[in-house]
Amino acid sequence: MEAMMAEWMKYSEPSEHHRLMQPMIGTFHVVGKMWMDPSQSEPQVMTGKSTTEWILGGRFALTHYKSEFMGMPFEGMAMMGYDRFLQQYQSFWWDTMGTMTYQTVGTVTPDGKVFTFNGAMQDPSMGGAMVNTREIVRIINNNKHVMVGHHQQPDGSWMKMMELTYTRN
């Protein structure tokens, strides 16, 4: 029993990987640019507010996001953490434009400045087809980070769908 408990404890505490998420904790003004289809040259622009806090003893970061998108109120929520056993970041996202859970897994560069998350989601505009996704979060400094999201197109190319710039309030 003692050996089993020791194994659990080895993976239960936050690690250096959790501390690398610290620049994303706080309240941020967000400027978002969205490209809805490949033929669109100019993005739709939105502004919003994002608040992220540590929960469960610093094991997970919980984000609440609010803005207006296409003339409608928009709200989203995310949870991110680092799974020490699987050695990967994990992220979950929910919002008011759908009823699905969007999940990604990710890595970080050795310098802790660039997180890359990969996932897949059902695209209602494509009849529910699964679309591969990639999100890259660049930590600019402790007061600014930028997330760029891409969707893989049917021909295998990647299309930039969004760019969110977070600036600490």
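Residues considered: S157, S12, S39. Largest GNM mean-square fluctuation over the chain, using C-alpha springs under 10 Å, is found at S39. For the chain, modelled as a GNM whose springs connect Cα atoms under 10 angstrom apart, the maximal fluctuation among P73, P43, P23 occurs at P73. Applying the criteria of a DSSP loop state and at most 15 other Cβ atoms within 10 Å to the chymotrypsin sites (Phe, Trp or Tyr not before Pro) of the range 84-149 yields F85.
With 30 Å as the limit, write out which pairs from K10/K160; K10/K113; K49/K113; K113/K160 have Cα-Cα distances beyond it, or answer none. It would help to have the intermediate numbers written out before the result.
Numbers: K10/K160 39 Å; K10/K113 26 Å; K49/K113 22 Å; K113/K160 20 Å.
Check vs 30 Å cut-off fails for K10/K160.
Of I139, I25, I55, the residue with the greatest mean-square motion in the GNM of the chain, using alpha carbon springs below 10 Å, is I55.
Its residue count N sets the reference 2.2 N^0.38 Å, and the alpha-carbon radius of gyration of the range 63-150 equals 1.18 times that reference. For the range 87-169, the dipole from Cβ point charges (+1 on Lys and Arg, -1 on Asp and Glu) about the Cα centre works out to 320 debye, to the nearest 20.
Read the figures in this text as sums done on the coordinates, not as results from a lab. All of these numbers come straight from a predicted model, not from anything done at the bench. With ideal geometry, Cβ positions are generated from the backbone for all residues, glycine too; neighbour counts draw on all protein chains shown.
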